[in-house]
Amino acid sequence: MKRIDINCDMGESFGAYTLGMDVKVIKHISSANIACGYHAGDPQVMDKTVKLAKEHGVAVGAHPGYPDLVGFGRRNMDCTPDEIRDFVIYQISALNGFCRLHGIKMQHVKPHGSLYNMSVGNEAQSRAIAEAIAAVDPSLIWVALGGAQTPMVKKIAAETKIRVAFEAFPDRTYDPDGKLTSRKRPGAVIEDPEKSAEQALRMAIDGEIIAVDGSRLKMEIHTLCLHGDNPAAVEHARTIRRALEAEGIAITPLAVLLP
């Protein structure tokens, strides 16, 4: 049976501010990327979100970002590889404390926002992330963007002795180079759940993405990322999962896909 993971960024509320639709979206995913306090989230939100994931049988991963609460981690920062390594170690370790509190094992690490985007194709930054993961727990799975950077990421993962999973985004458009279209461009986020589901099926079945210029991109894909801060997040998640399961595709956490 064909299998794939569905992940979603969660735990992005902060203090008195609520962001995302975690309680409703979590019913439709298999892995949760939980903010660790640098771009969003706080200790109480982290605790609550880990508990929520456990209650729904959803695997937990750390979602480390740049120390940029004001910009939600979406602004580029000029950081050295050593700084990036330490940022990631700090955030993984913080979330791991709540995983231990609730008696679950952390599954993966997926960088957030600009930390994620700036590392795409950047060997020094990618290596810093991988080394941070290996330093804390080499059994953790590194989630990285699929596409042209796949060979480089696989090389780094092999050298640091960690597993890597490649992801794609059903609710985002892609440029011809395989990178996500900038959110600053109109239409970068797909608003129609049916179109997101159509792209999810193409990704899961054919390992293919159609870029904004019509070119077809082949890539290795283990997990599909949904955005919980989209106004139609719940409908996207529900529609995509139903479409996948209707085609006989099982929704499975990464730890099962990559034993």
Segment 28-79: number of residues that are outside any loop (DSSP other than H, G, I, E, B) and either touching a strand residue (DSSP E or B) at 6+ places or on another chain (Cβ under 7 Å) or not basic (K, R) (or both):
21
Taking segment 38-81 as the search range and keeping residues that are in contact with a Lys or Arg (Cβ under 7 Å, 6 or more places away or on another chain) and buried (at least 23 other Cβ atoms within 10 Å of the Cβ), which one is farthest from S182 (Cα to Cα)?
G61
Pull out all pairs, ordered by first then second residue, where Cβ-Cβ is under 8 Å, the residues are six or more apart or on different chains, the first lies in segment 20-46 and is within 26 Å of T252 (Cβ to Cβ), and the second is among the basic types (K, R) and assigned to a loop (DSSP other than H, G, I, E, B).
N33/K110
Does A134 fit the bill of being on the phi < 0 side of the Ramachandran plot, assigned to a loop (DSSP other than H, G, I, E, B), touching a Leu at 6+ places or on another chain (Cβ under 9 Å) and not charged (D, E, K, R)?
no
Tell me the residue from A124, A148 that is over 19 Å from A59 (Cα atoms), of a type in the set (A, V, I, L, M), surrounded by fewer than 18 Cβ atoms within 10 Å (Cβ to Cβ) and modelled with pLDDT under 95, please.
A148
Has segment 9-21 got any residue that is aliphatic (A, V, I, L, M), closer than 15 Å to C225 by Cα and out of contact with any Gly (no Cβ under 7 Å at 6 or more places or on another chain)?
no
Please determine whether any residue of segment 175-191 is within 16 Å of the chain's Cα centre (by Cα) and crowded, with 20+ Cβ neighbours inside 10 Å.
no
Under the condition of being over 16 Å from the mean Cα position of the chain (by Cα) and of a type in the set (V, I, T), which residue from segment 220-239 is nearest to V109 (Cα to Cα)?
V234
Quick check on my filter: what residues within segment 214-227 are surrounded by 18 or more Cβ atoms within 10 Å (Cβ to Cβ) and within 16 Å of A188 (Cα to Cα)?
C225, L226, H227
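On the basis of being farther than 27 Å from M118 by Cα, out of contact with any strand residue (DSSP E or B) (no Cβ under 8 Å at 6 or more places or on another chain) and acidic (D, E), does E83 make the cut? If you could, list the steps in order and put the result at the bottom.
On the way: farther than 27 Å from M118 by Cα: no; out of contact with any strand residue (DSSP E or B) (no Cβ under 8 Å at 6 or more places or on another chain): yes; acidic (D, E): yes.
The answer is no for E83.
If a residue has to be farther than 22 Å from M152 by Cα and within 20 Å of the chain's Cα centre (by Cα) to count, how many in segment 206-219 make the cut?
From segment 206-219, those farther than 22 Å from M152 by Cα are 206, 210, 212-215; that's our starting set.
With within 20 Å of the chain's Cα centre (by Cα) added as a condition, the list becomes none.
Residues that pass the stated criteria total 0.
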Between a first residue in segment 174-200 that is over 19 Å from S119 (Cα atoms) and at pLDDT below 95 and a second residue that is of a type in the set (D, E) and not in a loop (DSSP other than H, G, I, E, B), which pairs have beta carbons less than 6 Å apart while being 6 or more apart in sequence or on different chains?
P193/E235
Select from segment 98-113 the residues that are modelled with pLDDT of 95 or more, of a type outside the set (S, T, N, Q) and either under 16 Å from P253 (Cα atoms) or within 14 Å of the chain's Cα centre (by Cα) (or both) and list them in ascending order.
I104, K105, M106, H108, V109, K110, P111, H112
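The values are calculated or read from the model by the stated rules, or taken from the named source; none is laboratory data. These figures come from a predicted structure and were not determined experimentally. Methodologically, a virtual Cβ is constructed for each residue, glycine included, from the backbone with ideal geometry; neighbour enumeration extends over all protein chains shown.
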